[in-house]
1. Keeping to region 306-319, report how many residues are within 23 Å of residue 440 (Cα to Cα) and either assigned by TED's automatic domain parsing to the domain that holds residue 455 or basic (Lys, Arg) (or both).
2. Are any residues in region 216-265 surrounded by fewer than 17 Cβ atoms within 10 Å (Cβ to Cβ) and either among the polar types (S, T, N, Q) or not assigned by TED's automatic domain parsing to the domain that holds residue 150 (or both), and if so, which ones?
3. Is it the case that region 293-300 has a residue that's more than 23 Å from residue 440 (Cα to Cα) and touching a residue at least 24 places away in the same chain (Cβ under 8 Å)?
4. Kindly evaluate residue 186 against the criterion of being over 20 Å from residue 255 (Cβ atoms), under 23 Å from the mean Cα position of the chain (by Cα) and of a type outside the set (S, T, N, Q).
5. Looking at the structure I just gave you, is residue 342 closer than 20 Å to residue 219 by Cβ, out of contact with any Lys or Arg (no Cβ under 9 Å at 6 or more places or on another chain) and part of a helix (DSSP H, G or I)?
6. Exactly one of (1) in contact with a Pro (Cβ under 8 Å, 6 or more places away or on another chain); (2) modelled with pLDDT under 95; (3) within 18 Å of residue 98 (Cα to Cα) is unmet by residue 249. Its number?
7. Please give the number of the condition residue 408 fails out of (1) in a helix (DSSP H, G or I); (2) surrounded by 19 or more Cβ atoms within 10 Å (Cβ to Cβ).
Amino acid sequence: MSQLLPSAPSPTAAPIPIGTTVTLDQHARLLDRNLLIGGAPWRLLRLPGGSREVVERWRGGGEVHAGEERFARTLVQQGLLHPRFHGGYDVDVLDVIVPVFNDVDGLRSLLSSLRGLHVTVVDDGSADAATVRDCASEIGAALVRLDENRGPAGARNAGASATSRPLIWFIDADVVLDDPLELLDRLQHHFADPLLSAVAPRVRGAGGASIRDEFEQRFSPLDMGVHSTIVVPGGPVGYVPGACLLIRRTSFGDGFDETLRLGEDVDLVWRLHDQGWLVRYDARAVVTHPARPDWRRWWSQRVGYGTSSGELARRHGRRLAPFRADVWTLIAWANAVAGQPAVASRVVRAAHGRLRSKLAETTDDPDLVAGAVVGRGMVLAGGPLARSAVRTYGPLILLSALHPKVRRRALLVFAVGTAWRWRATKVRPGDVVLGVADDLAYGLGVYRGVWRSRSLDAIKPHVTKSSLGLREMLGLRPREEPGDR
C-alpha cells in the first residue's frame with residue numbers, strides 16, 4: 001500500500017513574492033504577439049493582455065513586480081519560469097540521513113565529508129555492524145540499527161522517523177560530495193518556495209579508468225541531464241533519484257513505500273506531484289556516484305531498473321507507458337519507417353493546415369506558429385519515439401530483425417533509437433557497445449517486471465486522440481454540422 005502524503009498549499013495562496021528574481025526557462029519561446037511555448041510538460045500558452053512585455057523582462061532574469069505575483073506563480077507551476085531565491089544555508093534546520101548496507105568503505109568516505117552536520121546513519125542489516133557503528137561514532141553521528149534488511153525505502157523511513165528537523169537530506173552511502181556545504185548552499189534556498197517539497201542535484205558517474213567507468217560518467221542512469229527544471233511525470237525530467245534528495249519534512253508524510261525494493265524514489269516523486277507539491281532538479285549542483293564494481297552487478301542494476309517498471313505501472317498506470325503520442329503522429333512515423341513517406345507528409349501537412357486555419361484570426365503569423373507547434377509535436381517526435389521503442393522493446397526489435405522482410409526497418413529503428421542517446425555528445429566506440437547492452441538489460445527487466453506484476457501497463461503505449469480528423473487528413477471538406485446550415 002502506498003504511503004500517505006499531505007497536500008501542498010494552494011498555488012493561489014502562495015504567489016511568488018514581489019522582488020523575487022525569476023528567469024524564463026531556456027527552452028521556452030515567445031511566438032507571435034501573445035503566445036508562449038515550452039514548459040514541463042510542453043505546451044502552447046496564450047498570454048493575457050499586456051503580459052508579453054513582462055515575460056520579455058523575465059527572459060534573462062528579472063524581478064517580480066507588484067501585480068505580477070500570481071502570473072509568476074502560474075508560469076512557475078508550468079515549468080516556464082524558474083525563481084531564484086536568495087539566502088545561505090542553515091545546517092541546524094536539516095537532518096542528514098545516510099542509509100547503508102554493507103558498504104563500509106563508501107560510508108567512511110562519505111561521513112568524513114559530513115562533519116559538522118546533523119547526521120544519522122541507518123545500518124540496514126549490514127553484516128559488519130560493529131564497523132558501521134565505529135564509522136558513525138568517529139564523526140559523532142547518531143546510529144539507527146535495523147536487524148533485518150528493509151531496503152532503501154525502509155532504511156530512509158527509519159532515519160526520518162528517528163529525526164525531527166524541518167528538512168531531511170537523504171544521501172546514499174556510495175554518493176561522493178566534493179563540498180557538502182557548497183552543495184547545500186545551492187539546494188537549500190529553493191525551499192523559500194512554500195510549494196517546494198524536494199530538490200535533487202545532478203548525479204554523475206564518478207568516472208575511472210575502465211570503459212564501464214567512462215560510460216557511467218557520461219551516461220549514468222541517475223544523471224537527469226544538464227538542464228535545471230521542475231520534475232513532472234511526462235516532462236523533460238520525469239523523476240529524480242533518491243540517492244541524494246533534500247526534502248521538506250512536512251511534505252514527507254509516511255515517506256517511501258516500503259513494499260517497493262526498486263523504484264521507490266520514482267513513486268515518491270510522483271505521489272508528491274499528485275499532492276500538488278513541486279519537485280525541482282538543479283543541474284548546477286553536482287554529486288558523483290560510482291559505477292557498479294563488476295560487469296555482473298552492472299548488468300543486474302540495469303535489469304533491476306527495468307524490473308521496477310512493472311510494480312510502478314500498477315500504481316501509476318499510463319505514466320509508465322513506453323511512449324505517449326497521438327494517433328496521427330504514430331501513423332505518420334509508422335508509414336515513414338515502412339517506406340511510405342507520402343502518407344507521413346500528408347499527415348504533417350494536414351495537421352499544419354488545420355492549426356494554421358484555427359490560429360488565422362488570433363495571430364499575426366499563423367504559418368510560423370503552426371510550423372513551430374507541428375514541428376515540435378510531429379516532425380521532431382521521431383527521435384524520441386525511436387529512443388523509447390528501443391529502450392522498452394529493444395530485445396523484440398532485434399528478434400524481429402531475424403525476419404528478412406522486416407530486417408532493414410527493424411535495424412533502422414534500433415539504430416535511430418540507439419543513436420538518439422548521443423545526439424548532443426561525442427560518441428566513443430565503447431559507448432555503442434555499452435549503450436546497446438544498457439538498453440537490452442533494461443528491456444529484459446521490463447518484461448520481467450510485467451511478468452511479476454501481471455500488468456501490461458509498462459509495455460502499452462499511450463495513444464491519445466487527435467483533433468485532426470480523417471476527412472481533413474484526406475483533404476476532404478469537413479462535415480457540416482446541423483447548426484451550420
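1. Of the residues in region 306-319, 3 are within 23 Å of residue 440 (Cα to Cα) and either assigned by TED's automatic domain parsing to the domain that holds residue 455 or basic (Lys, Arg) (or both).
2. Within region 216-265, 250, 259 qualify.
3. Checked region 293-300: no residue is more than 23 Å from residue 440 (Cα to Cα) and touching a residue at least 24 places away in the same chain (Cβ under 8 Å).
4. Yes: the conditions hold for residue 186.
5. Spelling it out, it is not the case that residue 342 is closer than 20 Å to residue 219 by Cβ, out of contact with any Lys or Arg (no Cβ under 9 Å at 6 or more places or on another chain) and part of a helix (DSSP H, G or I).
6. Every listed condition holds for residue 249 apart from (2).
7. Tallying (1) in a helix (DSSP H, G or I); (2) surrounded by 19 or more Cβ atoms within 10 Å (Cβ to Cβ), residue 408 fails exactly one: (2).
Results for (1) farther than 24 Å from residue 453 by Cα; (2) outside any helix (DSSP H, G or I), shown as yes or no for each residue.
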position	(1), (2)
256	no, yes
266	no, no
270	no, no
281	yes, yes
310	no, no
316	no, no
325	yes, yes
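The values are calculated or read from the model by the stated rules, or taken from the named source; none is laboratory data. None of the values given here were measured: they were computed from a predicted structure. Virtual Cβ from ideal backbone geometry, glycine too; neighbours counted across all protein chains shown.
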